[in-house]
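Undergrad: This is the structure I want to talk about, given as structure tokens.
The values are calculated or read from the model by the stated rules, or taken from the named source; none is laboratory data. Note that the structure is a prediction, hence the values are computed from the model and not measured. Don't worry about glycine lacking a Cβ; one is built from the backbone with ideal geometry, like all the others, and counts go over all protein chains shown.
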């Protein structure tokens, strides 16, 4: 409206130019005000511009609608809906290590978010009750691996290597609270993505800082990794069938290893009984749990010594029952 005021011209524009600038300013103002009836009644001289103003208002409304559109027909929203409907495979709070990138996890600072892994996607939100704010499609995951300790000063960091919707490689670094949680997340991520196409054969256990990788000092960010992928290394399920013979043997070997400690404790409780003898008369010393355990251990040793080498006894002398 006034070029001289903003130091665009040394002098005021002529009357025709000033009027043209005024019309443009009023038109933009009416579009911004969504062409209210008050504006039209106040400035009837703007009537010839009303068709242009109404067209601009329609375009502005369409632009704002697209900015705030949350319809589920959008592909990302549809994937989010599917991920929320699928039962979670693994969920819990994790910290995010911020790195330079354009993925959904790259813009977040080092803070705690609640993650939920389903058979559709890895999604996350501020709290479990919040609607999931973003996600990584399961089909886009290329690897889930451990990050070396020197990268973030912690040995409990998981990296999820994936591709965004444009096909560009991205990496999310998730901090776990302990090694057990680290292994559980690695196992869960690998199990749900094991059949993905395009799984990587190698990865970088470090991070890319400055102009090189911290692990191998390669300067090519998208180059081949320096360590092999461990995509098939997972934890066994809780309901996996146990090898009962093996488990019993492990318990027996453990009891043999602490036998001297058990006898020492037994002597203290029984008032200095001779080592290696378990009282047989309930009247002398009460038959407590420790005495029964030592008696079972003696029976097991006798059964092992009397059976041929490499073969178990045909009929065990005693059954060991563990009670809590």
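Undergrad: Would you please name the residue that is modelled with the highest pLDDT, looking only at residues in the stretch 279-309 that are closer than 21 Å to residue 248 by Cβ and outside any helix (DSSP H, G or I)?
TA: 307
Undergrad: Given (1) part of a helix (DSSP H, G or I); (2) modelled with pLDDT of 75 or more; (3) assigned by TED's automatic domain parsing to the domain that holds residue 173, where does residue 62 come up short, assuming only one miss?
TA: (3)
Undergrad: Moving to a separate point now. Which of (1) outside any helix (DSSP H, G or I); (2) without any contact (Cβ under 8 Å) to a residue 60 or more places away in the chain is the odd one out, the single condition residue 170 does not satisfy?
TA: Exception for residue 170: condition (2).
Undergrad: Taking the stretch 196-216, which residues are within 14 Å of residue 171 (Cβ to Cβ) and either buried (at least 19 other Cβ atoms within 10 Å of the Cβ) or in contact with a helix residue (DSSP H, G or I) (Cβ under 8 Å, 6 or more places away or on another chain) (or both)?
TA: Hits for the stretch 196-216 are 203, 204, 205, 206, 207, 208, 213, 214, 215.
Undergrad: Identify, from the list 231, 155, 151, 187, the residue that is more than 16 Å from residue 91 (Cα to Cα) and not in a loop (DSSP other than H, G, I, E, B).
TA: Within the list 231, 155, 151, 187, the selection yields 151.
Undergrad: Can you confirm whether the stretch 29-43 contains a residue that is surrounded by 10 or more Cβ atoms within 10 Å (Cβ to Cβ), in the same structural domain as residue 123 (by TED's automatic domain parsing), in contact with a helix residue (DSSP H, G or I) (Cβ under 7 Å, 6 or more places away or on another chain) and modelled with pLDDT of 80 or more?
TA: No: zero hits.
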